[in-house]
């Protein structure tokens, strides 16, 4: 079980962890290869204090690839994004 983050986003912000891309067959590229990321898959770790955030902890979401602020917590890189940068929930 993952440790609880020590960050609580405020307002309409959400703390997420990028998910590793699943291998779908074909060519496997090294992690350091730059990609034109138009979207990012992530897991919601904490939600802000605004009342109308439509995701909850544990949801898997699709984010705009250019939004958010990267933070490092206990050696792990996380993102704080505005809830409006969340494009969809993955089911």
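Only the coordinates and a few stated rules stand behind these numbers; no lab work does. Just so it is clear, the structure is predicted and the values come from calculations on it, not from any experiment. Positions of Cβ are generated from backbone atoms using ideal geometry, with glycine treated the same way; all protein chains shown enter the neighbour counts.
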Report summary line: If the chain between residue 19 and residue 76 were fully extended at 0.36 nm per residue, the gain over the current Cα-Cα distance would be 19.3 nm
Query raised in the report: What distance in nm separates the simple spin-label points at residue 88 and residue 60, each placed 7 Å from Cα in the Cβ direction?
Result: 1.3
